[in-house]
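The values are calculated or read from the model by the stated rules, or taken from the named source; none is laboratory data. Model, not experiment: these values are computed from the prediction. Ideal geometry is used to build each Cβ from the backbone, glycine not excepted, and the neighbour counts take in all protein chains shown.
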Amino acid sequence: MLSKLRIGPKLLLAPGVVLILLIVLSVGAFAGLLRQNQRLEDMVQLRAVRLKAADDLVINTNRVHAEAYQLLTWINASFSSARVDALVRDIHARHAALDRQFAQLEIATQGDLAEQRLVVQSQLAYGEYVKAVSDVIELSMADHSMAANAMSKAERGFDVVAQRLDQLARLEQGLSVRAYAVAQDEFRSLRSVMPALVLASIALSLLVSLRVRRALLGEFCDIGNAATDLAQGNLTVRQRSYGSDEIADTSRALDSSIRNLNATLKAILTSAQSIGSASRAIAAGSVELNLAGLDIDTQQKLALVEQAALAASNLQQQAVDLSEAVARFKLDEEGDNGAPRSARPHLTAVRS
């Protein structure tokens with residue numbers, strides 16, 4: 001994958017990975033904060049409010065029940081009608097306020113069936129209790145003894161209301177404790193996950209950086225090895241895979257230049273061998289002419305041939321020098337057509 005990238009994307013790969021991981025960590029931390037805020041709102045604005053509402057219902061029902069007994073005491077003590085009527089109005093007002101509290105709590109608990117069921121049961125029990133208290137108030141105006149007997153029924157109704165409200169309060173208390181436990185568990189999970197994510201991000205960033213560094217250094221080492229071999233006269237091109245970046249383009253161009261130089265030197269060596277062969281043929285022809293007894297014209301021609309042989313000998317020496325110069329290089333053993341070729345073919349024959 002790294003070999004297919006250009007240098008620019010390679011250099012930006014590690015910072016890009018770091019930036020992406022930073023964004024992921026930021027999003028994860030923000031999501032964790034949102035969850036914690038949601039749990040806090042659940043505890044403070046939902047569970048605490050409903051728990052307070054249940055406690056208020058318990059307190060207000062106890063107060064209104066105590067006022068019912070207070071009303072009987074005042075009537076038995078022959079308090080003034082004005083004070084008794086004021087207390088009766090206060091009892092009715094408290095009953096109406098409690099009815100509104102029950103209705104509000106029923107609406108607020110529509111999302112939780114367990115809460116709503118206890119609220120409805122408490123409201124129904126409280127309605128029966130209010131009827132019993134109303135009967136007590138009516139009877140107390142006519143007969144004190146009958147009002148006292150009727151109060152026992154109201155007391156039983158109040159016991160049912162107190163039991164339902166106590167169940168509701170315990171349920172709200174349990175839900176509050178559960179909400180706190182959930183928030184605490186999520187905080188512990190977040191506290192464990194975030195450091196792990198940070199360490200994983202650091203490890204991944206270092207891994208990507210090392211891979212990019214290794215890829216770049218490998219390409220530079222290949223170019224350095226090719227340049228060292230060229231300086232030492234080794235024109236053999238090593239087989240390797242090229243990438244797609246600028247360094248790979250440079251390496252590919254360098255190998256191509258070495259191959260061209262290799263082909264040129266092979267052509268020079270072949271030409272030197274051909275020149276040496278032709279020179280030897282000319283020299284041999286001149287020796288044969290010297291052995292024959294010919295006339296003057298032929299001897300003049302022989303002199304010309306000897307001059308040509310001398311020139312050919314000089315050319316042969318130049319060919320030998322050129323062959324020796326080329327022989328200092330280590331040429332590629334593979335020819336242009338893929339067949340093996342010797343790096344110094346017929347060098348001994350050229351020197352002879």
Just name the residue that is surrounded by the fewest Cβ atoms within 10 Å (Cβ to Cβ) out of those in segment 208-228 that are over 25 Å from residue 20 (Cβ atoms) and among the hydrophobic types (A, V, I, L, M, F, W, C). 221
Going by the conditions given, is residue 123 closer than 17 Å to residue 158 by Cα, assigned by TED's automatic domain parsing to the domain that holds residue 168 and under 60 Å from the mean Cα position of the chain (by Cα)? yes
Across segment 94-131, what is the number of residues that are of a type in the set (A, V, I, L, M) and under 16 Å from residue 63 (Cα atoms)? 4
In a helix (DSSP H, G or I) and either at pLDDT below 85 or closer than 30 Å to residue 72 by Cα (or both): is that true of residue 177 in this structure? no
Give me the pairs, please: first residue somewhere in segment 98-117 and in the same structural domain as residue 60 (by TED's automatic domain parsing), second residue anywhere and outside any helix (DSSP H, G or I) and surrounded by 12 or more Cβ atoms within 10 Å (Cβ to Cβ), beta-carbon distance under 7 Å, and either six or more positions apart or on two chains. 115/109; 116/109
Among residues of segment 50-71, those that are farther than 17 Å from residue 134 by Cα and without any contact (Cβ under 8 Å) to a residue 40 or more places away in the chain, counted: 2
May I ask you to verify whether residue 125 is among the small types (Gly, Ala, Ser) and at pLDDT 90 or above? yes
Does segment 135-154 contain at least one residue that is out of contact with any helix residue (DSSP H, G or I) (no Cβ under 7 Å at 6 or more places or on another chain), surrounded by 12 or more Cβ atoms within 10 Å (Cβ to Cβ) and modelled with pLDDT of 85 or more? no
